């Protein structure tokens with residue numbers, strides 16, 4: 001793995017789980033990552049990989065970052081790392097026009113593992129509202145026409161149905177992260 005990466009931290013700065021972005025930046029610097037930048041206050045970071053990290057697998061990087069964040073902040077947060085190429089591919093694979101026409105209601109859920117096709121079909125069948133979804137590799141795209149706040153299609157429902165962990169970002173944030181990781 002080479003170059004710059006996107007790291008997403010699950011459930012940061014919600015429900016009393018406060019992590020200052022300065023602390024997150026410090027963790028990444030202490031781990032030897034280059035030029036870490038955070039975006040918003042919701043656990044989004046972009047950074048370059050050092051020579052040692054470039055030989056690591058994404059799973060090893062995620063585990064290393066999770067341990068360091070826990071040690072520094074006492075907050076356990078699942079971490080999801082994607083290379084710039086993986087991030088670009090996830091954006092390109094989005095099948096929904098809402099990415100352009102209504103990006104505030106378009107969400108990318110970054111998943112730990114690619115879900116089984118049967119699990120995706122079961123999740124689609126379980127949707128009772130106007131939401132639409134599509135899975136591609138380790139990404140789940142969801143359109144929330146009425147917003148996420150009132151939807152019954154929560155992250156908990158998604159994770160339970162797909163059998164994997166994930167963290168969601170609205171499409172505007174996804175594109176801002178793309179601009180940072182490809183600079």
Subject >> Label-point separation in nm, residue 114 to residue 23, each point 7 Å along Cα→Cβ >> reply: 3.7
**OP:** Using label points projected 7 Å from each Cα along Cα→Cβ, tell me how many nm separate residue 101 and residue 30, to one decimal.
**Re:** 4.8
Subject >> Relative contact order for the stretch 117-158, counting Cα pairs under 8 Å that sit 6 or more residues apart, in percent >> reply: 32
Subject >> Relative contact order of the chain, defined on C-alpha pairs under 8 angstrom at six or more residues apart (%) >> reply: 24
Subject >> Ranking of 75, 158 by count of other Cβ atoms within 10 Å, fewest first >> reply: 75, 158
**OP:** Taking the Cβ of each residue in 21, 148, 106 as the centre, tally the other Cβ atoms inside 10 Å and list the residues starting with the fewest.
**Re:** 148, 21, 106
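Laboratory data are not the source of any read-out in this text; all were calculated from the coordinates shown. All values derive from a computational prediction rather than experimental measurement. Positions of Cβ are generated from backbone atoms using ideal geometry, with glycine treated the same way; all protein chains shown enter the neighbour counts.
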